[in-house]
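What follows is a short report on a single structure.
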Amino acid sequence: MKKRIIALLIAALAVVSAGCTAGEKSSGSETSSASESSRKISPKSKEKRKIIIDTDTAGDDAVAMIIAAKTENVEILGVTVSEGNVGIEQAVKNALMTLEVAGCDAPVYRGASKSYTGKKRETFSVYGKDGRGDNDLIHPTRTAEDKGAVDFIIETVNANPGEVEIIALGPVTNIALAMDKNPGAMKRVKKYWSMGTCGFGAGNASPVSEFNVYHDAEAYKVLADSGVPVTAVGLDAVTDKTTFSKEDFDKAAKNGKLSDFVSKSFAGLLKFYAEKRGLSEVDIPDGVAMACALWDGYLLETKACHASVITEENEAYGQVILYQKGFGYDSGIKFDDYSFSVASKTADETFKETLIWLLKQ
């Protein structure tokens, strides 16, 4: 394990940027290593990947955005924001502040302030009222663009057909609305990434539902039913090897302004986990999802599935039923579309050390 982590860190040194670009990564299981048995973070090509980050900008979104901003060979075309863990205005400020501390000037676009159907789904921010630990961290010097998130997404994809990847870190309300407004354009997206679903494990918003889906399952159903290529990183991709304790955050906070910002952003979540779940460590699902999307060699395996999203108002609301391609179900059920891929294996032992190192840069 130490050899793999060392290889990842050495390779990362070659790709980290001081600006607002991010590293080209693969979603497959191809091996690219400094030694015969090690995987590494490295760009697969010299061409920059063009990405849009769609986010509700809670604490783990901050980690994901920083990963993207600190890795070469990815151009962040824009960050679109929707309501989720916090209201839309706070979410916009959080996105602006995160980019600022990461040294990134990517534009931010205000998006959905309510769910796809307009119905309010009662949830609360486990990251604190401001979504960043309530430590008075959010004082951005920039403001959001005048153009709305949906129009930005459509126009950007049309201007770069087949080139743009959308990485969704929160509820996918903006994406669903864009699909409704211009379905043709949204089929020109190169690939969709989603931190969403439980994967093949349990939920956090309910026993069967993950928060991002639960907050707006109707929007997630639009995405899942569209037939576009989606890779979902579920909650089960967040393992005990990727969690952080208060001691981990305190240690990281000594590494500089960026690490301190991240550490303080998780104060609310640490408190919630300790008081409500009896846990001393917290997970960083959006950070793991971004690692899957951008770190070559981190996402080792995916399973092709058909995804059925439950939107009925009952205890299964927000559940995503994953029918695996090629599995012989007793019912004999089969589908024509298996374009929804789910992360099933990662190089999780490398996540913590690589992230701590990255935050020092």
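The values are calculated or read from the model by the stated rules, or taken from the named source; none is laboratory data. Quick caveat, the model's predicted, so the values are computed rather than measured. Here the Cβ positions follow ideal geometry from the backbone for every residue, glycine too, while neighbour counts run over all protein chains shown. To get the accessible areas, we keep the full protein, side chains included, count just its heavy atoms, and leave off ligands, DNA and RNA. Shrake-Rupley method; radii C 1.70, N 1.55, O 1.52, S 1.80 Å.
If you check Glu281, Glu312 for being open to solvent by 50 Å² or more (accessible area, probe 1.4 Å), over 14 Å from Asp348 (Cα atoms) and modelled with pLDDT of 90 or more, only one passes: Glu312.
Filter the stretch 62-98 for residues that are among the charged types (D, E, K, R) and assigned to a strand (DSSP E or B); which is surrounded by the most Cβ atoms within 10 Å (Cβ to Cβ)? This residue is Lys70. Of all residues in the stretch 344-361, which are in a strand (DSSP E or B) and either crowded, with 23+ Cβ neighbours inside 10 Å or not polar (S, T, N, Q) (or both)? Lys345, Thr346 - these are the residues of the stretch 344-361 that are in a strand (DSSP E or B) and either crowded, with 23+ Cβ neighbours inside 10 Å or not polar (S, T, N, Q) (or both).
Which of the residues belonging to the stretch 187-216 are outside any loop (DSSP other than H, G, I, E, B) and closer than 17 Å to Val233 by Cβ? Listed by number, the residues that qualify are Lys191, Tyr192, Trp193, Ser194, Met195, Ser209, Phe211, Asn212, Val213, Tyr214, His215. Residues in the stretch 99-122 that are assigned to a loop (DSSP other than H, G, I, E, B) and open to solvent by 80 Å² or more (accessible area, probe 1.4 Å): Asp105, Lys114, Thr117, Lys119, Lys120, Glu122. So how many residues does the stretch 284-308 have that are open to solvent by less than 10 Å² (accessible area, probe 1.4 Å) and not acidic (Asp, Glu)? Matching residues across the stretch 284-308 total 15. Selection of helices (runs of 4 or more DSSP H) fully inside the stretch 146-186 by the criterion of at least 3 residues being open to solvent by 10 Å² or more (accessible area, probe 1.4 Å) returns 149-159, 173-181. Taking the criterion of being in contact with a strand residue (DSSP E or B) (Cβ under 6 Å, 6 or more places away or on another chain), of a type in the set (Ser, Thr, Tyr) and crowded, with 21+ Cβ neighbours inside 10 Å, the residues of the stretch 207-250 that qualify are Ser209, Tyr220, Thr231.
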